[in-house]
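Report on the following structure.
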Amino acid sequence: MLKGKRIVLGVSGSIAAYKAADLASKLTQAGALVDVVMTEAATRFVTPLTFTSLTHRPVARDLFGADSELSVEHVALAQQADVVVVAPATANTLAKFAQGLADDMLTCTVLATAAPVIVAPAMDGHMFDNPATVHNLALLKERGFTVVDPGVGYLASGLTGVGRLADASEIIGAVKLVLGRDGDLAGRRIVVTAGGTQEPIDPVRVITNRSSGKMGFAIAEAARDRGADVTLITAPTPLDDPVGVQMVRVATAREMRDAVEAALPGASALVMAAAVADYEAASPGASKIKKKNRRLSIDLLPTPDILAEVKGDFIRVGFAAESDNLVPNARAKLDRKSLDLIVANDITADDAGFSSDNNRVVMLDRAGGEEALPLMSKYEVGNRILDRVAALLASRAG
Ligand code: CTP
């Protein structure tokens, strides 16, 4: 979604300026046209040549320099921008934005733009906590700026605290969130589930499966990037929370059922990508089961079938992970669970499924349609599913 987007990347004078090089590179690799604007102080930390080399575009820094086109460069950049990202944003630069100052290329650009502005502060913890900075950030938020909060950790001042520039992935997540605001799912609430539930046997062991959660996370990110208000209910996974997605972390099928029921009122669609365990221990042990030199049986009971149980007027999308008879099995599930769409994947394929970033699926719909998609990224699969969801929502509205 960043392809061809015009991103102005403002870099102000913090030691974290070197991290902006990574951000510029990642945005460029994603297909964006990145115009870097540096403050004078930023050029003390990183040279403009670093950014030019990464973005293949000139770096703007001097309002009156020979390289600026008659001082109108900031206006041109400001007008062309789809989004302005200031990372790192120092306390001084934030104060200037809050006051509407325009004494360098970056502040002029920010003041002149009608594009959304994202700021990612980086500074010493005391500066971040100072009431002046707190007030400035609150003012900027009020005016519609998006703030990507700094993280906690080691600071260049030698202290440990809040003030570290957010990770590039988080800043890019905010860019996508902002760019997607007017997407075709804007104003829609979508509930997505992900991961393999864990059903306890005793305090140490669980029944679970090989689901990585990647498919559900990718759908949630794709829906966010199209403007949806997304709730992602996930079973345990090491994946990071996607930016701008409301997260609910659960463990068991029952917890997932309760979270889905709580999230559904007002939702337009439920996409159940989670691999919900079909069985739970009938009576999980309160203490650890000790090893004995004989056979052990665990009594199992079926878990609630979330997709079959939940009621309401929303688009229902299920997944079918199959090892045999992919299409007939998936169609039987679609009918049994009254789904609008089922996404079937063959779990025996070794280039797709579980931990892979790619998937090869067949989408079956209620009208009998069957669409086999080639191998593609899970994010792209997510978008294909959401194309169907958007079309179904549009046909219902009509
Ligand atoms: N599902 C669910 N609740 C369950 C089990 C599954 O909501 N207790 C959902 C899954 O999230 C998926 C769909 O139902 O979207 C199909 O899941 P799957 O496990 O393939 O189907 P089952 O009905 O459990 O059939 P089987 O395990 O026999 O293949």
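The values are calculated or read from the model by the stated rules, or taken from the named source; none is laboratory data. Since this is a predicted model, take the numbers as computed values, not measurements. Here Cβ is always computed from backbone atoms with ideal geometry, including for glycine, and neighbour counts include all displayed protein chains. Side chains are part of the model used for accessible areas, which takes the heavy atoms of the whole protein and leaves out ligands, DNA and RNA. Shrake-Rupley method; radii C 1.70, N 1.55, O 1.52, S 1.80 Å.
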Count of residues meeting criterion [more than 22 Å from ALA76 (Cα to Cα) and hydrophobic (A, V, I, L, M, F, W, C)] in region 99-146: 11
Selection from region 248-264 of residues that are part of a loop (DSSP other than H, G, I, E, B) and either more than 16 Å from the ligand (Cβ to nearest atom) or of a type in the set (Ser, Thr, Tyr) (or both): THR252
Given (1) modelled with pLDDT under 95; (2) in a strand (DSSP E or B); (3) away from the ligand (no atom under 16 Å from the Cβ), index of the condition VAL230 fails: (1)
Count of residues meeting criterion [of a type outside the set (Val, Ile, Thr), out of contact with any Gly (no Cβ under 6 Å at 6 or more places or on another chain) and within 25 Å of GLY318 (Cβ to Cβ)] in region 165-210: 7
Hey, VAL134 surrounded by 21 or more Cβ atoms within 10 Å (Cβ to Cβ) and not acidic (Asp, Glu) or not: no
Residue, nearest to LYS288 (Cα to Cα), within region 190-237, restricted to residues that are open to solvent by less than 10 Å² (accessible area, probe 1.4 Å) and among the hydroxyl-bearing types (Ser, Thr, Tyr): THR197
Failed criterion for SER355 (all others in (1) under 28 Å from the mean Cα position of the chain (by Cα); (2) within 13 Å of the ligand (Cβ to nearest atom) hold): (2)
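Hey, among the residues in region 298-316 that are in contact with a Phe, Trp or Tyr (Cβ under 8 Å, 6 or more places away or on another chain) and open to solvent by 50 Å² or more (accessible area, probe 1.4 Å), which one's nearest to the ligand (Cβ to nearest atom)?
Looking at residues that are in contact with a Phe, Trp or Tyr (Cβ under 8 Å, 6 or more places away or on another chain) and open to solvent by 50 Å² or more (accessible area, probe 1.4 Å), I get PRO302.
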Number of the exception - ASP357 against (1) touching a strand residue (DSSP E or B) at 6+ places or on another chain (Cβ under 7 Å); (2) at pLDDT 95 or above; (3) open to solvent by 60 Å² or more (accessible area, probe 1.4 Å): (2)
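Collect the residues in region 272-297 that are surrounded by 14 or more Cβ atoms within 10 Å (Cβ to Cβ) and away from the ligand (no atom under 14 Å from the Cβ), keeping them in residue-number order.
Passing the criteria: ALA281, PRO284, GLY285, ILE289.
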Single unsatisfied condition, ALA222 versus (1) touching a residue at least 12 places away in the same chain (Cβ under 8 Å); (2) of a type outside the set (Lys, Arg); (3) over 16 Å from VAL317 (Cβ atoms): (3)
Elements of type strands (runs of 3 or more DSSP E) contained in region 265-381, each with 3 or more residues being more than 20 Å from GLY213 (Cα to Cα): 300-302, 370-372
Elements of type strands (runs of 3 or more DSSP E) in region 104-204, at least 2 residues being within 27 Å of the chain's Cα centre (by Cα) and more than 16 Å from the ligand (Cβ to nearest atom): 117-121, 151-154, 160-164
Index of the failed condition, GLY369 passing every other in (1) at pLDDT 95 or above; (2) open to solvent by less than 60 Å² (accessible area, probe 1.4 Å); (3) within 14 Å of the ligand (Cβ to nearest atom): (3)
